[in-house]
Ligand SMILES: [Zn+2]
Ligand SMILES: [Zn+2]
């Protein structure tokens, strides 16, 4: 099932789900059960930076912005 969620901020050293590097920033983004650099949390389709968005979607290991998720949903009839 889709898991819409808002990126949230925590203060802890974690491993980025995008590049695999440790996130050394004071604050990291948390989304889809992973920590992310702000610049690594991108839509798998259009590569937009999701830290700029109010919501994101995670499905089958890929992250989508709201627009691409809705387009994909229409395409595959979800
Ligand atoms: Zn990263
Ligand atoms: Zn997108």
- Message: Return the pair list, or none, for Cβ contacts closer than 6 Å from residues in the stretch 49-78 that are within 24 Å of residue 28 (Cα to Cα) and in contact (Cβ under 8 Å) with a residue 24 or more places away in the chain to residues that are within 16 Å of ligand 1 (Cβ to nearest atom) and in a helix (DSSP H, G or I), at least 6 apart or on different chains.
- Response: 56/50
- Message: Just to be sure I understand, how many residues within the stretch 26-48 are surrounded by fewer than 15 Cβ atoms within 10 Å (Cβ to Cβ) and touching a helix residue (DSSP H, G or I) at 6+ places or on another chain (Cβ under 7 Å)?
- Response: 1
- Message: Taking the criterion of being modelled with pLDDT under 90 and at positive phi, would at least one residue in the stretch 22-40 satisfy it?
- Response: yes
- Task: Could you run through the stretch 49-71 and say how many residues are surrounded by 15 or more Cβ atoms within 10 Å (Cβ to Cβ), away from ligand 1 (no atom under 14 Å from the Cβ) and either part of a loop (DSSP other than H, G, I, E, B) or under 10 Å from the mean Cα position of the chain (by Cα) (or both)?
- Result: 6
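The values are calculated or read from the model by the stated rules, or taken from the named source; none is laboratory data. The structure displayed is predicted, hence computed values, not measured ones. Counting neighbours? That spans all protein chains shown, and the Cβs are built from the backbone with ideal geometry, glycine included.
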